[in-house]
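Trainee: Questions regarding the structure given below will be posed in turn.
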Amino acid sequence: MFKWIVRIVIAAAVLIGLVYGGILLWTKVINPPEKSLSTDDLSAVLAASTTSVATETSVAPPPTDAPAGVDGTWTATDESTLGYRVKEVLGGVDTEGVGRTNAVTGSLTIAGATVTAAEFTVDVASISSDSSRRDGQFNGRIMDTATYPTADFVLTAPIELGAIPADGEQITVDATGDLTLRGTTNQVTFPLTAEYANGRIGVFGNISVTFADYGIPNPSNGFAVTGDDGLLEFVLVFAR
């Protein structure tokens, strides 16, 4: 009897080790989460957008010598990226759940060296990750996209830039506005990095989101365990 107990314990330990090792291999080597968006992504997408336009239309890119003519309204393009990042523990392995979408609409308005208005809307149901199971939970129990199909941000205070940055230069300012997730609106203030390059305006930022503040159920389930907050991250590209 004792030998059988020992064998069962050993077998269970081996099985647990195999499962843990498999999860570790999957999350760290085979399918690691996408890296956080950064100011490098901001510069890269502004550079890439010019190359794409020039290739597709066979015309010269917009003039880049001076950003003096930035006054007016700029519209978000499908080169924009927005998504979430949530720390997860899967079977004892620390990782992150990441979802992204390019379905962002909106605009910003500039007068002189001041951003006087800005707003954007995201099609929440279009946000996808590397897991259909996670996406199902996200669209259903967590974000209830059938009831709340969009998330929105509206600038509520002008952003003073000081000066329009030179082509390719990045500046960081604070932005304050109303963020609406799952039908609940809260005021948020967060750092925003902006860059003017090749006839485009790009902005990078991330906003910490405490789930309870927006009535979002904790994403944890029987297999994945998360904390009480996550990160909304974005790189938005505007053209006119």
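The values are calculated or read from the model by the stated rules, or taken from the named source; none is laboratory data. From a predicted model like this one, the values you see are computed outputs, not experimental measurements. Cβ sites come from the backbone with ideal geometry, for glycine too, and all protein chains shown count toward neighbours.
Trainee: Determine if segment 222-229 includes at least one residue that is within 26 Å of TRP74 (Cα to Cα), in contact (Cβ under 8 Å) with a residue 12 or more places away in the chain and not in a strand (DSSP E or B). Talk me through it step by step, then tell me what you get.
Mentor: Here is the first cut: in segment 222-229, the residues within 26 Å of TRP74 (Cα to Cα) are none.
There is no residue in segment 222-229 that is within 26 Å of TRP74 (Cα to Cα), in contact (Cβ under 8 Å) with a residue 12 or more places away in the chain and not in a strand (DSSP E or B).
Trainee: Quick test of your reading of the structure: PHE211 fulfils all but one of (1) closer than 22 Å to THR114 by Cα; (2) without any contact (Cβ under 8 Å) to a residue 40 or more places away in the chain; (3) buried (at least 19 other Cβ atoms within 10 Å of the Cβ). Name the failing condition by number.
Mentor: PHE211 satisfies all of (1) closer than 22 Å to THR114 by Cα; (2) without any contact (Cβ under 8 Å) to a residue 40 or more places away in the chain; (3) buried (at least 19 other Cβ atoms within 10 Å of the Cβ) except (1).
For every residue, the table says whether it meets (1) touching a helix residue (DSSP H, G or I) at 6+ places or on another chain (Cβ under 9 Å); (2) in a strand (DSSP E or B); (3) farther than 14 Å from LEU232 by Cβ; (4) assigned by TED's automatic domain parsing to the domain that holds LEU232.
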position	(1), (2), (3), (4)
ASP130	no, no, yes, yes
THR145	yes, no, yes, yes
ALA151	yes, yes, no, yes
PRO165	yes, no, yes, yes
ILE171	no, yes, yes, yes
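Trainee: Identify, by number, the condition in (1) within 20 Å of THR226 (Cα to Cα); (2) under 15 Å from the mean Cα position of the chain (by Cα) that PHE153 doesn't meet.
Mentor: The single condition PHE153 does not satisfy is (1).
Trainee: Something else: Applying the selection to segment 172-208, what residues are surrounded by fewer than 20 Cβ atoms within 10 Å (Cβ to Cβ) and among the acidic types (Asp, Glu)?
Mentor: Of everything in segment 172-208, those that are surrounded by fewer than 20 Cβ atoms within 10 Å (Cβ to Cβ) and among the acidic types (Asp, Glu) turn out to be ASP174, ASP178.
Trainee: Please state which one of THR176, THR180, THR193 is part of a strand (DSSP E or B), touching a residue at least 60 places away in the same chain (Cβ under 8 Å) and hydroxyl-bearing (Ser, Thr, Tyr).
Mentor: Criteria check complete, one pass: THR193.
Trainee: Still on this model: Kindly indicate which of PHE204, PHE238 is over 19 Å from GLU34 (Cα atoms), at pLDDT 95 or above and part of a strand (DSSP E or B).
Mentor: None of the others qualify; the one that does is PHE238.
Trainee: Can you name every residue in segment 129-149 that is at pLDDT 95 or above, buried (at least 16 other Cβ atoms within 10 Å of the Cβ) and either among the hydroxyl-bearing types (Ser, Thr, Tyr) or over 19 Å from the mean Cα position of the chain (by Cα) (or both)?
Mentor: Once the filter is applied, which keeps residues that are at pLDDT 95 or above, buried (at least 16 other Cβ atoms within 10 Å of the Cβ) and either among the hydroxyl-bearing types (Ser, Thr, Tyr) or over 19 Å from the mean Cα position of the chain (by Cα) (or both), segment 129-149 yields THR145, TYR148.
Trainee: Next question. Find the residue count for segment 181-201, including only residues that are on the phi < 0 side of the Ramachandran plot and in contact with a helix residue (DSSP H, G or I) (Cβ under 8 Å, 6 or more places away or on another chain).
Mentor: Total satisfying the criteria: 8.
Trainee: Which ones in segment 102-128 are outside any loop (DSSP other than H, G, I, E, B) and buried (at least 18 other Cβ atoms within 10 Å of the Cβ)? Give the derivation first.
Mentor: Narrowing segment 102-128 to residues outside any loop (DSSP other than H, G, I, E, B): 104-111, 114-126, 128.
Within segment 102-128, VAL104, GLY106, LEU108, ILE110, VAL115, ALA118, PHE120, VAL122, VAL124 qualify.
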